[in-house]
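Undergrad: Sending over a structure as structure tokens; questions will come in a sec.
The values are calculated or read from the model by the stated rules, or taken from the named source; none is laboratory data. If you're wondering where the values come from, they're calculated on a predicted model, not measured in any experiment. Glycine also receives a Cβ, built like all others from the backbone with ideal geometry; neighbour counts cover every protein chain displayed. Remember, those area values only see protein heavy atoms, side chains included, never the ligands or the DNA or RNA. Shrake-Rupley method; radii C 1.70, N 1.55, O 1.52, S 1.80 Å.
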Amino acid sequence: MIDTTNEYVRWFSDLGISDVPLVGGKNASLGEMYRELTAQGVRVPNGFAITAAAYQYVLDQANAWPRLHAALDGLDVTNVDDLARRAQLAREIIYSAPLPDELARQILDAYARLGDEYGAQLTVAVRSSATAEDLPTASFAGQHETFLNIAGEAKLLDSVRRCFASLFKDRAISYRVDNGFDHFKVFLSVGVMKMVRSDLASSGVIFSLDTETGFRDVVFITGAYGLGENVVQGTVEPDEFHVFKPTFRKGHRTVLRRTLGGKEIKMVYSKNAGRDTTRNVPTPKEDQRRFCLSDDEVLSLADATLRIEDHYSAKAGHPMPMDVEWAKDGIDGALYMVQARPETVASQKSLTTFDEYALERAGELRASGRAVGGKVASGKARVITDVAQLNQFQAGEVLIADTTMPDWGTVMKIAAAVVTNRGGRTCHAAIVARELGIPAVVGCDNATESIQTGDEVTVSCAEGDLGHVYAGSIPFKKISTDLASLQRPKTHLMVNIGNPDIAFQTSFLPSDGVGLARMEFIVAEHIKAHPMALVHPERITDQKTREAIEKLTRSFASPTDYFVRRLSEGVGTIAAAFYPRPVIVRMSDFKTNEYASLLGGHWFEPQEENPMLGFRGASRYTHPAYAEGFSLECQAMKRVREDMGLTNVKLMIPFCRRVQEAERVLQAMAAHGLHRGVDGLEIYVMCEIPNNVIQIDAFAQLFDGFSIGSNDLTQLVLGVDRDSEIVAFDFDERDAGVKEMIRLTIEGGKRNGRHVGICGQAPSDYPEMAQYLVELGIDSISLNPDTIIKTTRQLLEVEQRLGRAPREKT
């Protein structure tokens with residue numbers, strides 16, 4: 001006989017993470033946070049858990065176990081129709097089981113007590129929490145039901161029964177089978193907690209690492225207006241924010257990077273035929289155009305997430321990246337943590353094996369969106385516009401849909417790749433794709449229109465943050481490197497990079513930092529507008545251009561604030577990825593024709609016959625035609641080093657023709673707050689003009705290091721315009737005159753105690769150049785990321801021939 005004196009309700013304040021068998025992973029974690037972290041400022045709604053023993057009690061009293069066995073024994077989850085029929089029967093068995101009087105009384109007593117705490121207007125969230133849920137190796141994310149904004153005793157008790165029944169949702173059954181859990185050894189607890197009215201504000205998901213790469217030094221926050229279901233299900237493209245942990249912990253409370261999402265709709269509460277329900281409504285345009293969180297709110301969420309991660313890591317005895325759900329209450333304005341569980345995908349990636357995927361040829365682009373993962377896959381497309389079409393899906397096909405739902409798990413696990421019109425990098429499609437290890441491209445807008453069922457397509461997530469879907473089956477290669485066994489040469493190898501979107505992934509390469517961070521890429525791809533057009537928009541006479549600039553900058557305080565923030569966030573992301581390794585950022589080196597192609601650039605750039613030798617590099621920085629633009633560059637770099645705390649950034653001046661020009665540039669930088677030597681700031685100069693070599697002793701008195709720009713140096717030594725197809729055959733870095741210039745540079749640098757590196761492909765393209773540079777004792781060689789591992793092996797061979805031992809591993 002059941003002991004009806006048993007306590008079937010436990011308050012969060014009485015629960016901890018060790019109580020998973022009693023109240024499931026979700027409720028145990030809520031209790032842990034409420035009990036241990038609220039004193040540290042982590043705000044968690046109060047509530048109580050209906051224990052797993054209550055679930056067993058209900059089924060025991062209804063004699064439901066034999067009927068459940070009859071419904072589920074021998075089930076083959078690959079038979080989708082049979083799974084649906086049996087799962088429906090199992091849910092009916094559980095939902096029809098009445099709640100015993102003693103259990104109902106305990107639930108309602110606790111509900112009344114919660115009402116005493118929060119007031120008569122209290123509504124609650126009723127959430128399922130399975131005893132095999134939110135584990136480090138299996139999240140069970142989205143498998144069971146949640147009911148929001150519940151008010152009244154009858155609705156509460158009905159929601160509890162529906163939660164119990166959701167243990168046998170089709171998706172939950174399939175997930176348990178896939179992960180080796182016994183249906184009859186997994187029980188369900190129900191959490192009842194104060195409802196956070198995010199329908200009146202915003203909500204989202206946080207990971208204490210980067211979800212695509214496993215990079216652990218950032219907090220990755222996503223959010224949108226309204227209830228969090230839209231973010232989780234991928235119905236909207238959310239705002240994204242990154243906060244860099246190491247400098248944040250040192251007191252530099254600054255958002256590293258922000259990306260504005262579309263947020264076209266938001267989920268709110270409504271009534272339908274007298275029943276409380278939810279619905280999506282259009283987000284006002286002015287809200288779409290601004291971030292759903294202020295920077296202070298982002299930093300508050302990051303602080304809470306770090307406290308959660310630190311606490312759970314200490315409990316586990318090892319680092320424990322976390323997956324956290326947050327909600328902002330539109331009534332009291334407070335930010336609440338409403339769920340926390342171990343992150344189960346990116347944190348499991350091997351950090352000693354580096355996999356690279358690369359397409360072997362170009363293809364016709366059909367769709368593009370946010371890349372999930374870094375893999376490539378090909379297959380026939382299957383466009384799903386209605387859930388009834390799921391049974392047509394064949395193994396190895398590419399799933400194309402507007403969005404995906406948790407019920408689609410059985411189909412997604414046999415898909416080669418997933419492509420959706422909507423969603424961000426924390427939506428359901430992205431989470432499941434990561435867990436399954438398949439590439440996904442989300443937020444494409446028009447994938448279901450541009451791709452037809454039966455089309456052969458290639459889904460590529462190997463080209464940075466942007467994922468692409470190409471027509472046809474494009475060959476690709478995968479290269480795996482065991483980084484743990486790869487030795488490091490004495491000569492430092494660094495990477496050239498300009499794209500912040502690939503910075504976290506690139507940081508795992510065996511490099512000594514960034515030898516060339518190209519500012520021009522960030523300006524061209526992430527800012528898009530000419531800096532002087534942002535300083536003086538009034539000089540632009542074309543209305544369309546002015547409107548385009550207004551559209552780019554309207555979510556910022558001013559057009560110049562837009563430039564400073566976007567540039568600092570791009571450079572900051574690269575610097576954070578490699579921190580504390582050095583990152584050498586080259587100030588802008590656009591030529592006039594390249595500047596003119598930027599939005600608004602036509603109004604500020606002269607026409608030149610030979611831009612390669614014209615108004616570029618250092619000559620622009622103090623010239624009245626660009627000095628205000630250079631000021632913005634300096635403000636951005638000052639923000640990176642001071643506000644973000646990324647003091648590993650060194651700055652480099654390109655195409656500096658004369659010593660006097662160098663002096664003027666350094667004076668201008670100091671006037672803008674970038675004083676060489678202050679707070680460890682080092683300033684390098686590109687050595688790419690013969691005069692830099694001839695007067696290297698004089699330049700060495702002004703700069704901390706030199707980076708040989710072999711492309712420009714070669715063309716100026718040989719008198720070859722590298723943009724001219726007619727004489728391009730004479731362009732050769734291996735020419736004796738070029739090599740002599742390189743030798744003089746390295747010797748001059750050493751003579752003056754200055755660092756000398758080279759940023760160009762010659763050492764990778766020509767093994768004899770690598771040997772020549774190593775023989776001369778160059779300090780560093782900086783290359784494009786795709787050649788780092790190959791060049792590492794080349795340098796190890798060269799150094800072995802020269803009798804130099806590999807670097808000691810650290």
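Undergrad: So, in the range 84-104, exactly how many residues are touching a Lys or Arg at 6+ places or on another chain (Cβ under 8 Å) and among the small types (Gly, Ala, Ser)?
TA: Here is the first cut: in the range 84-104, the residues touching a Lys or Arg at 6+ places or on another chain (Cβ under 8 Å) are 87, 91, 93-95, 97, 99.
From what is left, the residues that are among the small types (Gly, Ala, Ser) are 87, 97.
Residues in the range 84-104 being touching a Lys or Arg at 6+ places or on another chain (Cβ under 8 Å) and among the small types (Gly, Ala, Ser): 2 in total.
Undergrad: Report yes if some residue within the range 89-100 is in contact with a His (Cβ under 9 Å, 6 or more places away or on another chain), open to solvent by less than 10 Å² (accessible area, probe 1.4 Å) and not charged (D, E, K, R); otherwise report no.
TA: yes
Undergrad: Of everything in the range 524-564, what is surrounded by 14 or more Cβ atoms within 10 Å (Cβ to Cβ), of a type in the set (Val, Ile, Thr) and not in a helix (DSSP H, G or I)? Give them in sequence order.
TA: Ile540 - this is the single residue of the range 524-564 that is surrounded by 14 or more Cβ atoms within 10 Å (Cβ to Cβ), of a type in the set (Val, Ile, Thr) and not in a helix (DSSP H, G or I).
Undergrad: With the structure loaded, tell me whether Leu567 is part of a helix (DSSP H, G or I) and closer than 16 Å to Cys634 by Cβ or whether it fails that test. If you could, list the steps in order and put the result at the bottom.
TA: Details: part of a helix (DSSP H, G or I): yes; closer than 16 Å to Cys634 by Cβ: yes.
Yes.
Undergrad: Here's a follow-up. Do the conditions hold for Phe181, that is, is it within 30 Å of Asp82 (Cα to Cα), out of contact with any Gly (no Cβ under 7 Å at 6 or more places or on another chain) and modelled with pLDDT of 85 or more?
TA: no
Undergrad: While we're looking at this one, here's another question. Tell me, which residue of the range 442-455 that is in contact with a strand residue (DSSP E or B) (Cβ under 7 Å, 6 or more places away or on another chain) and loosely packed, with under 14 Cβ neighbours inside 10 Å is modelled with the lowest pLDDT?
TA: It comes out as Asn446.
Undergrad: Does the range 58-77 include one or more residues that are open to solvent by 70 Å² or more (accessible area, probe 1.4 Å), under 26 Å from Gly115 (Cβ atoms) and more than 37 Å from the chain's Cα centre (by Cα)?
TA: no
Undergrad: Ok, one more. Cβ contacts < 6 Å: first residue closer than 16 Å to Pro654 by Cα, restricted to the range 691-704; second residue of a type in the set (Gly, Ala, Ser), any location; separation 6+ or different chain. Result?
TA: The qualifying pairs are Ile696/Gly748; Leu702/Ala662.
Undergrad: Given the residues Lys349, Lys285, Lys328, which is the only one that is open to solvent by 60 Å² or more (accessible area, probe 1.4 Å), charged (D, E, K, R) and in contact (Cβ under 8 Å) with a residue 60 or more places away in the chain?
TA: Lys349
Undergrad: Test Thr410 against the stated conditions and say whether it is buried (at least 17 other Cβ atoms within 10 Å of the Cβ), among the hydroxyl-bearing types (Ser, Thr, Tyr) and farther than 25 Å from Gly214 by Cβ.
TA: In short, yes.
Undergrad: Yes or no: the range 730-748 includes at least one residue that is farther than 29 Å from Ala577 by Cβ and within 38 Å of the chain's Cα centre (by Cα).
TA: Checked the range 730-748: no residue is farther than 29 Å from Ala577 by Cβ and within 38 Å of the chain's Cα centre (by Cα).
Undergrad: Among the listed residues Gly262, Gly330, which satisfies the condition of being in a loop (DSSP other than H, G, I, E, B) and either touching a Lys or Arg at 6+ places or on another chain (Cβ under 7 Å) or modelled with pLDDT of 95 or more (or both)?
TA: Gly330
Undergrad: Inspect all residues belonging to the range 459-479 and state whether any of them is within 30 Å of Thr647 (Cβ to Cβ) and among the charged types (D, E, K, R).
TA: yes
Undergrad: Among the residues in the range 417-425, are any touching a residue at least 40 places away in the same chain (Cβ under 8 Å) and either hydroxyl-bearing (Ser, Thr, Tyr) or under 29 Å from Ser511 (Cβ atoms) (or both)?
TA: Within the range 417-425, one or more residues are touching a residue at least 40 places away in the same chain (Cβ under 8 Å) and either hydroxyl-bearing (Ser, Thr, Tyr) or under 29 Å from Ser511 (Cβ atoms) (or both).
Undergrad: Under 6 Å between Cβ atoms, at least 6 apart or on separate chains: pull out the pairs that start in the range 745-766 with a residue that is touching a residue at least 60 places away in the same chain (Cβ under 8 Å) and closer than 14 Å to Leu702 by Cα and end on any residue that is open to solvent by 20 Å² or more (accessible area, probe 1.4 Å) and assigned to a loop (DSSP other than H, G, I, E, B).
TA: Cβ pairs passing all conditions: His755/Asp779.
Undergrad: Tell me the residue from Ala104, Ala120 that is at pLDDT below 90 and over 30 Å from Lys413 (Cα atoms), please.
TA: Ala120
Undergrad: I would also like to ask the following. Only one of (1) out of contact with any helix residue (DSSP H, G or I) (no Cβ under 8 Å at 6 or more places or on another chain); (2) surrounded by fewer than 24 Cβ atoms within 10 Å (Cβ to Cβ); (3) not in a strand (DSSP E or B) is not met by Glu240, so which one is it?
TA: Only one criterion is unmet by Glu240, namely (3).
Every residue, every condition in (1) open to solvent by less than 20 Å² (accessible area, probe 1.4 Å); (2) within 23 Å of the chain's Cα centre (by Cα); (3) at pLDDT 95 or above; (4) of a type in the set (Asp, Glu), yes or no:
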site	(1), (2), (3), (4)
His252	no, yes, yes, no
Val255	yes, yes, yes, no
Arg279	no, no, no, no
Ala304	yes, yes, yes, no
Lys315	no, no, no, no
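Undergrad: So Gly572 passes all but one of these: (1) in contact with a Cys (Cβ under 6 Å, 6 or more places away or on another chain); (2) farther than 20 Å from Ser707 by Cβ; (3) of a type in the set (Gly, Ala, Ser). Which condition number does it fail?
TA: (1)
Undergrad: Could I ask something else about it? In the range 235-250, how many are within 15 Å of the chain's Cα centre (by Cα) and either basic (Lys, Arg) or over 19 Å from Arg565 (Cα atoms) (or both)? Break it down into steps so the answer makes sense when it comes.
TA: Taking the range 235-250 first, the residues within 15 Å of the chain's Cα centre (by Cα) are 237-245.
Checking the rest, the ones that are also either basic (Lys, Arg) or over 19 Å from Arg565 (Cα atoms) (or both) come to 237-238, 245.
Qualifying residue count for the region: 3.
Undergrad: Just to verify a result, which residue in the range 175-217, among those that are open to solvent by less than 10 Å² (accessible area, probe 1.4 Å) and touching a His at 6+ places or on another chain (Cβ under 9 Å), is nearest to Ser350 (Cα to Cα)?
TA: That would be Asp210.
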